[in-house]
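S.K.: Have a look at this one.
The values are calculated or read from the model by the stated rules, or taken from the named source; none is laboratory data. Here the structure is a predicted model, which means the values were calculated and not measured. Quick reminder, even Gly has a Cβ in these numbers, built from the backbone with ideal geometry, and neighbours come from all protein chains shown. Remember, those area values only see protein heavy atoms, side chains included, never the ligands or the DNA or RNA. Shrake-Rupley method; radii C 1.70, N 1.55, O 1.52, S 1.80 Å.
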Amino acid sequence: MAIELPLSCQKVWKPELYKIQLGAPSPKPIYVDSLNEERPDFYGLEYHGTINHKKSESILEDKRDGSYLVRRSPGANSYYTLSLRFDQKTKHYKIYYSPDKGHYLQENFKKFDTVQDLVADGLVDFHMRLHAGPIIQEMMSQTKNCYEQSPYMTLNRRKLRVLSNEIRKSSKLSMLNDEISTLSIDEPGNDLTAKLIDDADDELLEAYEKSHVFKTRTFKGLNWCEYCANFLWGFSSQGVQCEDCGFVAHNKCSELVPAKCVPDLKRLRGIFGVDLTLLITAHKCKIPFIVKKCVEEVEQHGMLQEGIYRISGFADEIEALKMALDKDGEKADMSALAYSNVNVISGVLKMYLRLLPVPLITSDCYPAFMQAMTNKNVGEKILAMRDALKKLPVAHFNCLKYILEHLNRISSHHAINKMNEQNLATVFAPTLIETPPHMTDLSQEINMLTALITHCHAVFL
């Protein structure tokens, strides 16, 4: 998302900064054909071998700005040296190379595929600092270098309020659903729902947290950091962008950005394999729509079917429904008319849960649950499970509660469907629990999940 600049600034900042950037000198490598030592594979003819800084300065002394060479400083073992001409002076920098990262100045700096790209980026940086100082100062004075006052934060705060209200309404209405349903339309309490909505509008969601997913990116045209509002100069790898919401920032600024990412639904590709917190945040819901629709269909058409969740549906129909959900979202037809075999619906639900990047019972929560199972007293075991649940992210907590309550209802008909708590736990343990790698014996995990299904109403108060 590009930052919108004040109208008073656009006429100055955009054309002038761009003109200044275009005036930066281009990289001009100084080549040498023969060497008395072996040339590194990752350098070309710009590598001059082992020479000291005085020798390199004599080579570059009469050259134009942008001229450069790479050398090995006498006595240096872990790095090479870049000697670069700028502003009629020769500058020297330690540079490093690794096959997986490329060329860079420092570990936490930008990485480049070639030395020429590194030099080009550095020349723009030098040039902007030398010639764009007054404009940059004007930018900083008008924005007060303040993230909280940036246009992004203004928009983000609105998104957070909308998201907060949606989740609060859903949570409060769900909790008081039984109370509301007992009220007559003509009774004085029939405005309870409206009151809840009004109350929710006055508060932001407490403890909302969704970290940004930043990736280094090369931008075209002019871009600004949405944290400090300063110009992203350079021609490659100028900054980072959040894959989920589009937030743009300098690499260093991204380390300071609060964990208040509000994902853009347009950036999501499907629903399978998408982080649960990201999905419910983007859709502004409490439970993913796919989970709710699958559960509703199973409870309507498969509650009494023998072997529900244990018997698999046809693989081609499950894959077809998965593709439809990824493409059409909530508009996908999951009705009994479209899929007469309810095992297809149950299979899609299991697939969705299995493909979550982080299972519902996370690795942070897993040890606490296993420890809770060591209690022989049922009451103590339930209390320990409640404590374990506190380690779950909010999205995982809500979805796990919804799934376990559903499985509890399925097990209540085990005399007909042959799926008691342990049978269901055997099916769902590999899907719901993030177990250590290469674990084959899941007997303890199955016992733990059996207890969760059995006592779900006591565990989730």
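S.K.: To the nearest 10 Å², what's Trp233's accessible area with a 1.4 Å probe?
M.R.: The accessible area of Trp233 comes to roughly 50 Å².
S.K.: Here's a follow-up. Is there a pair in Lys260/Lys331; Lys292/Lys350; Lys293/Lys331; Lys215/Lys327; Lys55/Lys110; Lys215/Lys286 whose C-alpha atoms are over 21 Å apart, and which pairs would that be?
M.R.: Table pairs above 21 Å Cα-Cα are Lys260/Lys331; Lys215/Lys327; Lys55/Lys110; Lys215/Lys286.
S.K.: For region 360-461, what size does the Cα cloud have along each of its three principal axes, sorted from largest down, in whole Å?
M.R.: So the extents along the principal axes, rounded to whole Å, are 37, 34, 30.
S.K.: Given a 1.4 Å probe, how much area per residue of region 314-461 is accessible, in Å²?
M.R.: Per residue, region 314-461 has 49 Å² of solvent-accessible surface.
S.K.: Spin-label point model (7 Å from Cα, Cβ direction): what's the Lys55 to Ile416 distance in nm?
M.R.: 9.0
S.K.: Also: Excluding Glu380 itself, calculate the net charge of residues whose Cβ lies under 14 Å from the Cβ of Glu380, where each Lys or Arg counts +1 and each Asp or Glu counts -1. Numbers along the way, then the final one.
M.R.: Details: positive: Lys376, Lys381, Arg386; negative: Asp387.
Its environment carries a net charge of +2.
S.K.: Taking R0 as 35 Å, what FRET efficiency do you get between Ala320 and Thr362 from their Cβ-Cβ distance, rounded to the nearest 0.05?
M.R.: 0.70
S.K.: Using the heavy atoms of the protein chains and a 1.4 angstrom probe, tell me the accessible area per residue for region 18-140 in square angstrom.
M.R.: Values: 6910 Å² over 123 residues.
Solvent-accessible surface per residue comes out at 56 Å².
S.K.: If you don't mind, there's one more thing I want to ask. As a test of reading the structure, rank Arg85, Arg409 by solvent-accessible area (1.4 Å probe, protein chains only), most first.
M.R.: Order by accessible area, largest first: Arg409, Arg85.
S.K.: Of all accessible surface on region 365-460 at a 1.4 Å probe, what whole percent is carbon and sulfur?
M.R.: Within region 365-460, the accessible surface is 54 percent carbon and sulfur.
S.K.: DSSP loop trypsin sites (Lys or Arg not before Pro) in region 325-365 with at most 12 other Cβ atoms within 10 Å of their Cβ, which ones?
M.R.: The qualifying sites: there are none.
S.K.: Between Glu299 and Glu330, take the C-beta separation as r, use R0 = 22 Å, and let me know the FRET efficiency to the nearest 0.05. Before the final figure, lay out the partial values.
M.R.: Working: r = 18 Å, r/R0 = 0.83.
The pair Glu299/Glu330 has a calculated efficiency of 0.75.
S.K.: Now for a different question. Under a Cβ-Cβ cut-off of 15 Å, what is the net charge of the residues other than Ala76 that fall near it, where Lys and Arg count +1 and Asp and Glu count -1?
M.R.: +3
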